[in-house]
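Values quoted throughout were computed directly from the atomic coordinates according to the rules given, and no laboratory measurement underlies them. If you're wondering where the values come from, they're calculated on a predicted model, not measured in any experiment. Neighbour counts run over all protein chains shown; Cβ positions are idealised from the backbone, glycine included.
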Amino acid sequence: MFAVTVIDTGVFVADALSQLHKGAPSRVLDLAASDEFRVVMCTEIRDELVAVLYRKVAWTETHVRATFD
């Protein structure tokens, strides 16, 4: 059984802005990717995160779709 976790959007943004991807935000996302826990996200949080990634990190529509779809 998985632990269900909501991750603050700041963790995703901090990881996306990180050059080395070795800090705490990256470790949290690595754990999520390895199925240590299940990340849940409501539509409103996803929309906020996508908007911030477009604005601050210059993600493209392709990058967003590959990550969230």
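What the table shows:
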read-out: Search result, residues across the range 30-51 that are over 15 Å from residue 63 (Cβ atoms) and in contact with a Phe, Trp or Tyr (Cβ under 9 Å, 6 or more places away or on another chain); value: 31, 35, 36, 37, 38, 41
read-out: Test: residue 7 is outside any helix (DSSP H, G or I), under 11 Å from the mean Cα position of the chain (by Cα) and β-branched (Val, Ile, Thr); value: yes
